[in-house]
Amino acid sequence: MPELIEVEQHLDRLELDWPATPDLRHAVRLRIGVRRRPWFESRWAVAAAAAILVLAALAAYTPSREAIAGWINLHTFFRTVPHLATPTPLPPGPLGQRLGLGRQSTLAQARAAVTWPLLVPTSLGQPDEVYVGPAPDAPSGGEVTLVYAARQGIPAAGETGVGVLITEARGAINSEFFGKIIGPGTTIEPVTVAGSSGYWISGAPHDVVFVDSSGGVRFETLRLATNTLLVNVGGTVVRIEGNLTRAQALEIAASLA
Amino acid sequence: MEGRPTDDAELFARAQRGETAAYEEIVQRYQQMAFRTAYVITGSAADAEDATQEAFVKAYRALASFRAGAEPRPWLLRIVANEARNRVRSSGRRQQVELRLAGSYRPGGAAPSPEAAAVAAEDSRRLLGLVNQLSEEDRLVIACRYFLELTGDETAATLGIPEGTVKSRLSRALSRLRARVEEASIA
């Protein structure tokens, strides 16, 4: 061992093996983009605006457009997506970590972290990875994502390597769930799963919309951006993403328990 | 280290005027220091990442409170450390951070012989093992001073204690480390 007098010098010269520092610029930029705003620019207002955008999109693409348009007696606009950007290559690491889903957790920890009864599809069984995010004090009360690796009959989504992503949040519609812009070739179909209403969105990948620091709407492909089933099960908004057929997605949704 | 006072002043001024590109550069410049500090406090790389990200978001929203010309490191470290401590508190757990050696250590003088280098590496490993066995308070102050290479006011900001207390706390921590080194040497 070093002599006593050398201890401090020795400490000074130690080279530690630190975990790799993550590059936080992108995540921070996204988050500071949604700055604190007056009430009319609040997250709820942004969420409402995003919901209106989606309803407008639904009105444009589903047979019930007149009915849906009648619900919103407001000025709205369409933003079409002429082409969808190729996602940037993803760094190596756990599947969910690449997707920025929050903090990796276990199913038990996730159940303890949120206030609603977490739903797990019995048809898929236990998830391969579980993530909790965003922060529990978010308006939705947090969000949990179950990650399933590709398996027989469910190929990996090209952009991510994940088979199925199931994201759950409680309560109100927010821009995370509904801030999707419908691109060319995408269709939306209202569905009912065991008495719960939802939408089956298939076709071209979706972008996620967020509001930047200047208040402008921006689009980025963040997650699977494949066929998606959105369903509200007893107040829990469940989003099922993957290279799934409609029947596969409905089967998964019907087995949520 | 990362500090470049002149550029920092300009960067912070631009960030305060709402230039997000300037703030991104601040994040890039300080994220390693912030992340490692959070790692020492939380004991988990995942928690450290969450805490650091949250801290940079909070710091951005608190930019108006940053005094022009002030040193940014203590200001940022205080926010990062608070966030890391909050995370530990809210989760109700703290993982014991296991500091590990990257290699042997930075030799102070001429290149040592292979034998001397091997002895030094073993000494380093054992010394770090003893640091890991110290109390959290002792380990943190030693980590701030020697591993994160923070100054006195930066350590004070990180630990949330007066700068004067840093010296006494470090002195006591080193005494206890020396005692352990002595015990280990005798044994």
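Laboratory data are not the source of any read-out in this text; all were calculated from the coordinates shown. On a predicted model such as this, the values are computed, not experimentally measured, just so you know. Reconstructed Cβ throughout: ideal geometry from the backbone, glycine too, with neighbour counts over all protein chains shown.
Residues in region B:24-38 that are at the interface with chain A (Cβ under 7 Å from one of its Cβ atoms) and among the basic types (Lys, Arg): B:Arg36 alone.
Taking the conditions exactly as written (of a type in the set (Val, Ile, Thr) and either within 11 Å of chain A (Cβ to nearest Cβ) or closer than 21 Å to A:Val132 by Cβ (or both)), does B:Ile41 satisfy them or not? Taking the combined requirement at face value, the residue satisfies it. Cβ-Cβ contacts under 6 Å between residues 6 or more apart (or on different chains), taken from a first residue in region A:102-114 that is surrounded by 15 or more Cβ atoms within 10 Å (Cβ to Cβ) to a second residue that is aromatic (Phe, Trp, Tyr), are listed as A:Gly102/A:Tyr131; A:Gln104/A:Tyr131.
Is it the case that some residue within region B:161-177 is closer than 20 Å to B:Arg36 by Cα and not in a helix (DSSP H, G or I)? Looking through region B:161-177, at least one residue is closer than 20 Å to B:Arg36 by Cα and not in a helix (DSSP H, G or I).
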